[in-house]
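A.B. asks: Structure provided below as C-alpha cells; questions to follow.
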Amino acid sequence: MAEELFFIKTNPNIAKINLYNKLCRDEEKIIGFLQPDARANLEIIKNKVKDSVESLSKEELSSIFQWLSSAYPADREEAKTQLFIHGLDLFYEIPKEQHVKTFQDILADYEKYSKRNLDFMIDAQNFNQFLIYGLFFTDIALREKGNDTVLSHYLKTDYPSLYTLAEEQFRAKGSDQYNDSDLHRYFGELYDLTKFYKGPIIKLDQ
C-alpha cells in the first residue's frame, strides 16, 4: 500500500527546456531509476518530454519524480523547488498511509458509481467534481459524530446530485474510518488549490 500520495500540476513549456536538458545532462544519474532496458527507456522519455511532459506514462513520471526527489532526501522543500524548476509543480501531498488508503477507497467508489475513470492524470474539472463529492462524503461522516463543517454547506446547493450520491454512498458503506477531520481537510485544501485550474492533475503514489 502506498505510504504517500502526491498531486502535481505540469508546465510542459518549462519541462520541454529544463527537464529535457537535465535528462540529457544527467543521463547516468537517471539510468538507475529506469527499469528494464534503461537506456532505450530514457530515449523514449526524452522524446516525450520534448513533445509534452503530459504524454509520459505513470511509470515514467514516477521514475522522474523519484530521481529528482532523491537528490535532496533530507530537504523536501528543495526537492519541491527542483521539481518546479523542471516543470512539475508538487502542490499538495497526503503524507499518512491510512489517509492515502481511505482517499483511494473514496475515489474507487466514486469512479464506480459516477462511471468515470479517474486515472493518474486527471482532467481538472473531473478531479474537482470528485473533490466536492469527497468533501460531502467526509462532511456527512463528521456530522454523524457531532462535528460540522462550513464549506460543504456552500457547495450543496450548486451540486445537489453529488451531495445525493455522497449521502447514498455513506448510507451504504459509511464507517468510523471516514470521520477523520484531517481527511476532510485534505479534500477541502485540494479543492481550494484546484478549483480554478484548467490543466491536468497528476496523482502519484509512492
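A.B. asks: So what's the Cα pair-distance distribution over the stretch 9-81, bin width 5 Å, in %?
C.D. replies: Here the calculated profile for the stretch 9-81 is 3, 17, 28, 28, 17, 6, 1.
A.B. asks: Please report, for the Cα atoms of the chain, the Rg to one decimal and the Dmax as a whole number; what are they, in angstrom?
C.D. replies: 18.7, 57
A.B. asks: So which aspartates and glutamates can Lys156 reach, going by Cα to Cα under 13 Å and dropping same-chain residues fewer than 8 places off?
C.D. replies: Hits, sequence-local ones excluded: Asp139, Glu167.
A.B. asks: Based on the mean of other Cβ atoms within 10 Å per residue, sort peptides 92-102, 184-194 so the most packed one is first.
C.D. replies: 184-194, 92-102
A.B. asks: For the stretch 80-206, with every protein chain kept in place, what is the accessible area per residue (1.4 Å probe, Å²)?
C.D. replies: On a per-residue basis, the stretch 80-206 sits at 48 Å².
A.B. asks: Continuing with this model, one more query. Can you show me the helix-derived [θ] at 222 nm for the chain, built from DSSP H runs with n ≥ 4 at -39,500 (n - 2.57) apiece and divided by the number of residues, rounded to the nearest 500.
C.D. replies: Taken over the chain, the calculation gives -18500 deg cm²/dmol.
A.B. asks: Quick one: go through the stretch 81-116 and flag any residue whose amide nitrogen is under 16 Å from the point 7 Å out along the Cα-to-Cβ line of Asp26.
C.D. replies: 81-90, by backbone N distance to the label point.
A.B. asks: With labels modelled as points extended 7 Å from the Cα through the Cβ direction, what inter-label distance (nm, one decimal) is found for Asn126 paired with Asn13?
C.D. replies: 2.6
A.B. asks: Order the peptides 84-90, 197-203 from the highest to the lowest mean number of other Cβ atoms within 10 Å of their residues.
C.D. replies: 84-90, 197-203
A.B. asks: For the pairs Lys9/Lys46; Lys22/Lys96; Lys145/Lys203; Lys22/Lys48, flag any whose C-alpha to C-alpha distance is greater than 21 Å.
C.D. replies: Lys22/Lys96; Lys145/Lys203
A.B. asks: Report the label-to-label distance for Thr157 and Asp51 in nanometres (one decimal), using points 7 Å from each Cα along the Cα→Cβ vector.
C.D. replies: Placing both labels 7 Å along Cα→Cβ, they lie 4.8 nm apart.
A.B. asks: Additional query: Helix 124-144 versus the longest principal axis of the chain: what angle, 0 to 90°, nearest 10, using Cα atoms?
C.D. replies: The angle comes out near 40 degrees.
A.B. asks: How far apart, in nanometres, would the label points at Lys58 and Asp37 be if each is projected 7 angstrom from Cα along the Cα-to-Cβ direction?
C.D. replies: 2.2
A.B. asks: Could I ask something else about it? Multiplying the sequence separation of Glu144 and Arg171 by 0.36 nm and subtracting their Cα-Cα distance, what value in nm do you get?
C.D. replies: Fully extending the segment from Glu144 to Arg171 adds 8.6 nm.
The values are calculated or read from the model by the stated rules, or taken from the named source; none is laboratory data. Values in this document were obtained by computation on a predicted structure and should not be read as measured data. With ideal geometry, Cβ positions are generated from the backbone for all residues, glycine too; neighbour counts draw on all protein chains shown. SASA here: full protein model, heavy atoms, side chains in, ligands and nucleic acids out. Shrake-Rupley method; radii C 1.70, N 1.55, O 1.52, S 1.80 Å.
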